[in-house]
Amino acid sequence: MKLLSTPGFWVALLALALAAFLPWWVSGYILGLLTIAYYFGVFAMAWDLLFGFAGEVNFGPTFLIGLGAYGAGILNNRYEVPIPYCLAAGTVLAVVGGLALALPALKVRGPYFGLITLVAVLLLQNMIVVFSGITGGEIGLTVPDVISIDADTNYWIALGFMTFAGLVLTAIARSPAGLILQAAGQDPIVTGALGFNVAKHKLAAFAVSAAFSGLAGGLVVFYMGTASVGTLIDTAVGVQVIIAAVLGGRRTIVGAALGAVFLIAAGELLRPLGPLSTFVVSAVALLVILFVPSGLLGLASVRRAR
């Protein structure tokens, strides 16, 4: 019942109700933009679990996204493995790669964790170029199969997956394990002194974040029919994911998805401005982050409390 009293729940419910009717109101082009926005929403929600609750600043969310995307794409491109198996394999690869990164990274404190995750992204980018015979290199990787060529079908899949991810991540965040994770993010020393295994909880959070990031990355590949560094792994993409999560509201999960939709929708609406559109969107995001550090949903909570 406590969940029903939160503004995030009602905002999410209203947004989902509106989203359910959009296929009858908007064009296929708009549905395509929203499909991408929903997958970016999953990226942002997965990142929020790691940063907002575990307190670990992951500057390389695209490392996990890229592992899932390229892992799934290569299997389909080279061996024509069916899409469901490719997605499962890509998700497993993202989790394994994420844990391999997290095990040493979580032993350091402060900004060093973020630097390690950022270096991991750069290494993955270089590996894609070096092994271009398998990955497609700078040109990109194409897949022979796609989930669907119907805009409505792709839209429903993306919306359904984002909803599922949001429910699971919110349930984790509000569970006893999520509360321990949040305490560990705020003060790991005190949390450990109380007898909780801080490292285990943070590793679990990293694994969950990696799973959803990798699966969403694979779904994007089979939606777009291609994977490239510029669209999925570039550091600019990672920055967009981080801004979306912080813009929507740290430790809200749902806010991260709304932030992602806002960024992509704002970019499209301001596209007639040309290069200036990026400046305007970035400036708005910066103002919100500076003056409303709790994010858009956090602002709603404060106003409701008053």
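Just one of Tyr70, Tyr39 is over 22 Å from Ile243 (Cβ atoms) and in a helix (DSSP H, G or I); which is it?
So the residue among Tyr70, Tyr39 that is over 22 Å from Ile243 (Cβ atoms) and in a helix (DSSP H, G or I) is Tyr70.
Tell me, which helices (runs of 4 or more DSSP H) wholly within the range 118-205 include 3 or more residues that are polar (S, T, N, Q) and within 22 Å of the chain's Cα centre (by Cα)? Give the derivation first.
Details: elements: 132-135, 151-174, 176-186, 188-193.
In the range 118-205, 151-174 are the helices (runs of 4 or more DSSP H) which contain 3 or more residues that are polar (S, T, N, Q) and within 22 Å of the chain's Cα centre (by Cα).
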Review point. Within the range 100-123, is there a residue that is within 24 Å of Gln240 (Cα to Cα), among the aromatic types (Phe, Trp, Tyr), in contact with a helix residue (DSSP H, G or I) (Cβ under 7 Å, 6 or more places away or on another chain) and at pLDDT 95 or above?
Key: no
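Please find, among Gly214, Gly267, Gly225, Gly255, the residue that is in contact with a helix residue (DSSP H, G or I) (Cβ under 6 Å, 6 or more places away or on another chain) and either at pLDDT 95 or above or among the aromatic types (Phe, Trp, Tyr) (or both). Full working, then the answer.
Numbers: Gly267 fails: either at pLDDT 95 or above or among the aromatic types (Phe, Trp, Tyr) (or both); Gly225 fails: in contact with a helix residue (DSSP H, G or I) (Cβ under 6 Å, 6 or more places away or on another chain); Gly255 fails: either at pLDDT 95 or above or among the aromatic types (Phe, Trp, Tyr) (or both).
From the options Gly214, Gly267, Gly225, Gly255, the qualifying one is Gly214.
Per-residue answers, yes or no, for (1) over 26 Å from Ala88 (Cβ atoms); (2) surrounded by fewer than 19 Cβ atoms within 10 Å (Cβ to Cβ):
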{"position": "Ile189", "(1), (2)": "yes, yes"}
{"position": "Thr231", "(1), (2)": "no, yes"}
{"position": "Val241", "(1), (2)": "no, no"}
{"position": "Arg251", "(1), (2)": "yes, no"}
Revision key, fill the gap. Tyr112: passes all of (1) surrounded by fewer than 18 Cβ atoms within 10 Å (Cβ to Cβ); (2) more than 21 Å from the chain's Cα centre (by Cα); (3) closer than 26 Å to Phe222 by Cβ but (3)
Exercise for review: Could you figure out which of (1) among the hydrophobic types (A, V, I, L, M, F, W, C); (2) at pLDDT 95 or above; (3) buried (at least 18 other Cβ atoms within 10 Å of the Cβ) isn't true of Val96?
Suggested key: (3)
Revision key, fill the gap. Taking first residues from the range 268-286 that are closer than 20 Å to Val246 by Cα and surrounded by 12 or more Cβ atoms within 10 Å (Cβ to Cβ) and second residues anywhere that are at pLDDT 85 or above and among the β-branched types (Val, Ile, Thr), the pairs with Cβ under 6 Å that are 6 or more apart or on different chains are Ala285/Ile243
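Just checking, how many residues over the range 190-222 are under 19 Å from Leu167 (Cβ atoms) and without any contact (Cβ under 8 Å) to a residue 60 or more places away in the chain? Let's see the steps before the verdict.
Narrowing the range 190-222 to residues under 19 Å from Leu167 (Cβ atoms): 204-205, 207-216, 219.
Right, trim to without any contact (Cβ under 8 Å) to a residue 60 or more places away in the chain and you get 204.
Total satisfying the criteria: 1.
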**Study point:** Residue list for the range 119-155, restricted to those being more than 17 Å from Gly68 (Cα to Cα) and crowded, with 17+ Cβ neighbours inside 10 Å
**Key:** Ala151, Asn154, Tyr155
Check your understanding: Within the range 23-32, can one find any residue that is under 19 Å from Ser228 (Cα atoms) and at pLDDT 95 or above?
Key -> yes
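The values are calculated or read from the model by the stated rules, or taken from the named source; none is laboratory data. Not measured: the values here are computed from a predicted model. Please note: Cβ atoms are built from the backbone with ideal geometry, for glycine as well, and neighbour counts cover all protein chains shown.
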